[in-house]
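The values are calculated or read from the model by the stated rules, or taken from the named source; none is laboratory data. Worth saying up front: this structure is predicted, and the values here are computed from it rather than measured. With ideal geometry, Cβ positions are generated from the backbone for all residues, glycine too; neighbour counts draw on all protein chains shown. Ligands, DNA and RNA are excluded from the accessible area calculation, which covers all protein heavy atoms including side chains. Shrake-Rupley method; radii C 1.70, N 1.55, O 1.52, S 1.80 Å.
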Amino acid sequence: MEMEVIPVESLMREGFAPDLSRPFRIPGLMPTDLRMVDLIREKPYGDLVIDYFTDARQVNTVPDGKASIREIATNISQGNSYAKFGSEMLFREHPELLSHLPLDRVKKVTGEGYIDASLIGDFLTIPVFMAHGHEGDGADGGEGGRATPRTDLHCEPIANVVLQVSGSKLWTLYPSESSRFLRPKISPDGRAYVFSARDPADEDLQTIDRYSVVLNKGDAMFLPSWTWHRVDYLPGITALSVSFFHVRIKDMFTNNPIFALATFPNMMKEFFGIKMQ
């Protein structure tokens, strides 16, 4: 499937409104001189202790480690770690970091009323993701694992604008309508998402209509609610991205009403701060 590409000039044109019913990519949405990778290691941001995956080659939906962002990010940047973190706590604790991101352009993607510091923790979550890709073809990398860090196939009730701050990542997306082919299961850790029980190496996945796109530094992409996605970290590249998970209530229930009802209790846990990562 071919993903729509929207030039920045078109996006920013007065009166332009993108089609939010399907994914699209905006090359070069952000300045490429953002120093977020260095900034998150400085005080006070680097002192924040978060949960993370000590070995993201393993198929595990629950983080198994805890350390400061500075320690985790430094080890990842050195290229000799299989760790990965995906945490909302940085922007939850330090919303002033939003001033380093092109919010005017993000708001042109989402429309008004979805992106604001006052919404963080309620209707807006801004996780930061970071890992380093290693050589390998995605084959088994050990007992129950694989060769390089990745995020396996799952979908969520929120819509997402992802900003690729540094490095590159490969995204594989399946529309919500493909759910019946993906053996969906509710998350085992009490958070509001659905994961695929299909073996990631199952060749039949290649027969299902999908998008495959590499996001490079400065690029952005929009994912509607309940879009299935897998993210692969590319060999030799340290990648850091920031996602704007925002609630679009109508889309949440119309794009996949069954998933919305099934995960509603977990949504409430996240809304009231009982479940965070």
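Observations, loosely collected:
- Any hit, the stretch 38-53, residues being open to solvent by 60 Å² or more (accessible area, probe 1.4 Å) and touching a residue at least 60 places away in the same chain (Cβ under 8 Å): no
- Among the residues of the stretch 147-198, not one is among the aromatic types (F, W, Y), over 22 Å from V242 (Cα atoms) and surrounded by 19 or more Cβ atoms within 10 Å (Cβ to Cβ).
- The set of residues from the stretch 214-237 being β-branched (V, I, T) and crowded, with 19+ Cβ neighbours inside 10 Å comprises T227, V231.
- Residue under evaluation G273, criteria (1) open to solvent by less than 50 Å² (accessible area, probe 1.4 Å); (2) at negative phi; (3) not in a strand (DSSP E or B), criterion not met: (2)
- Of all the residues in the stretch 107-120, those that are farther than 23 Å from G273 by Cα and surrounded by fewer than 17 Cβ atoms within 10 Å (Cβ to Cβ) number 3.
- Taken over the stretch 197-228, the criterion of being in a strand (DSSP E or B) and either at pLDDT below 95 or β-branched (V, I, T) (or both) is satisfied by V213, V214.
- Considering (1) over 30 Å from P31 (Cβ atoms); (2) open to solvent by less than 50 Å² (accessible area, probe 1.4 Å); (3) not in a helix (DSSP H, G or I), the lone condition that M267 does not fulfil carries the number (3).
- Each residue in the stretch 57-85 was checked for being outside any helix (DSSP H, G or I), under 29 Å from E96 (Cβ atoms), open to solvent by less than 70 Å² (accessible area, probe 1.4 Å) and not charged (D, E, K, R), and 7 of them qualify.
- Filter result for D104 (out of contact with any strand residue (DSSP E or B) (no Cβ under 8 Å at 6 or more places or on another chain) and either free of Cβ contacts under 8 Å to residues at least 40 places away in the same chain or open to solvent by 50 Å² or more (accessible area, probe 1.4 Å) (or both)): yes
- Verdict on S99 being assigned to a helix (DSSP H, G or I) and modelled with pLDDT under 95: yes
- Here F123 fulfils each of the conditions (1) modelled with pLDDT of 90 or more; (2) of a type in the set (A, V, I, L, M, F, W, C); (3) open to solvent by less than 50 Å² (accessible area, probe 1.4 Å) apart from (3).
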